[in-house]
Every structure is written in structure tokens, then in C-alpha cells.
Amino acid sequence: MVNYIYRFEKVLTIREQEKNETEIAYKDSVRSFEEIATRLYELLKKKEDLIDFQQERLAVGSSIEEIHHYARFIDSLEKTIVDVQQKVVQARSKMNWYEEKLLEKNLEVRKFEKMREKDFKLFQQEQDRIEGIFLDEISTLTYNKREIR
């Protein structure tokens, strides 16, 4: 019996490696996005808490210096928030790009796997045909051998 060898096995292996590398990069981009988005959430929460605290202080009464201090701090926080929002947008687009690449790689690998399955079926059919011919020849020889005796 002849062993089956897929002619594109090396290509399939390379495509699977590329897919795995892309999957790792995608997972890293998701993790990075989650970290940056969490940081943005924390900054927004901090700003909200600070505004609430400032409102409470204004209701109780606070000095102008304290009001200016909180206003400068909120302005600084807003600049940081804008910066982090840009980073979130960049991280999201990077994550989406890797997701598209991963889908492409998965599709390529699936195509090669389907081709391998079809090729293997053809190989099996050919092997079965050859085996049938071989068995027919053996049967014919065995029959002829009995007839001669």
C-alpha cells in the first residue's frame, strides 16, 4: 500500500503557522485595547467623582483657590482623557485590522484543508481501484491454476 502524501502539505503548514502568529497578535491587540479602554473608564470615573466632589464642596462653601485648583485638575484630566480616547481609537482599529487578517488566514487554511480532504478521497478511490484490479488478477490466477490441475 502506498502512503498518502499531500502535495501542498508544506504550504498548509506555513499557512497554519501564519494563522497562529496572527491569532497571537490579535489576542495581544485585544488585551491592549482592553487595558487602554479600562484606563479611559477609570479616568472618566475619576473626573465624574471629582466633579461630584467639587459640587459638594461648592454647596458647603470653598475658597476660590480650592475652586481654581480643582478646575485646573479637571482641565488636566480632560486633556489626559482626550489623549487616552485617541489611544483607544487606535487600539480598536489595530484590533479590527488583526481580526480581519485572522479571518483571512482562517479562510486560507480551511481552503487548503478542504483541498487536502478532496485529494485524499481521490487517493483512496485510486487505491481501492488498484486493489480491486489486484484482487481480480489474483482471483483469475487462482482460478486458472485450479483449472490446470
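In the assembled protein chains, Tyr4 presents an accessible area of approximately 60 Å² (probe radius 1.4 Å). The loop-placed GluC sites (Glu not before Pro) in the stretch 59-149, going by DSSP, include none that has at most 16 neighbouring Cβ atoms within 10 Å of its Cβ.
Which order do Ser29, Ser139, Ser62 take by accessible area at a 1.4 Å probe, largest first? All intermediate terms of the calculation are to be shown ahead of the outcome.
Details: Ser29 5, Ser139 70, Ser62 40 Å².
The most accessible residue leads, giving Ser139, Ser62, Ser29.
Against the main long axis of the alpha-carbon atoms of the chain, helix 64-148 sits at an angle near 10°. Over the chain, the ratio between the Cα radius of gyration and 2.2 N^0.38 Å evaluates to 2.35. The calculated FRET efficiency for the pair Arg129 and Phe8, based on their C-beta separation and a Förster distance of 22 Å, comes to about 0.40.
Within the stretch 100-149, how many Lys pairs sit with Cα atoms under 21 Å apart, leaving out pairs fewer than 8 places apart on the same chain?
Numbers: Lys101/Lys111; Lys101/Lys114; Lys105/Lys114; Lys105/Lys118; Lys111/Lys121.
Lysine pairs meeting both conditions in the stretch 100-149 amount to 5.
Size descriptors for the stretch 61-149: radius of gyration and Dmax over Cα atoms are 37.8, 125 Å.
Express the relative contact order of the chain as a whole percentage, based on alpha carbon pairs under 8 Å and six or more residues apart in sequence.
Values: 63 pairs, mean separation 68.7, N = 149.
About 46 percent, as a whole number.
When all alpha carbon pairs of the stretch 1-59 are counted in 10 Å bins from zero, the resulting P(r) reads 19, 20, 16, 14, 12, 9, 6, 3, 1, 0 %. Between Lys118 and Lys27, how high is the FRET efficiency from 1/(1 + (r/R0)^6) when r is the Cβ-Cβ distance and R₀ = 35 Å? Nearest 0.05. The computed FRET efficiency comes out at 0.65.
Exposure check, 1.4 Å probe, all protein chains in place: Asp136 carries approximately 100 Å² of accessible surface. Positive end of the dipole of the stretch 3-81 (Cβ unit charges, origin at the Cα centre): among Ile24, Leu12, Ile36, the Cα lying farthest that way belongs to Leu12.
At 222 nm, what helix-only mean residue ellipticity would the chain give, in deg cm²/dmol to the nearest 500, using -39500 (n - 2.57) for each DSSP H run of four or more? Working shown, then result.
Details: 2 runs with 137 residues, N = 149.
Dividing the helical sum by the residues of the chain leaves -35000 deg cm²/dmol.
Placing +1 on each Lys and Arg Cβ and -1 on each Asp and Glu Cβ, with no other charges, gives the chain a dipole about its Cα centre of roughly 680 debye.
The values are calculated or read from the model by the stated rules, or taken from the named source; none is laboratory data. What you see is a predicted model, and the numbers here were worked out from it, not measured in a lab. Every residue, glycine among them, receives a Cβ derived from its backbone with ideal geometry; neighbour counts consider all protein chains shown. The area values use the complete protein model at the heavy-atom level, side chains included, leaving out ligands, DNA and RNA. Shrake-Rupley method; radii C 1.70, N 1.55, O 1.52, S 1.80 Å.
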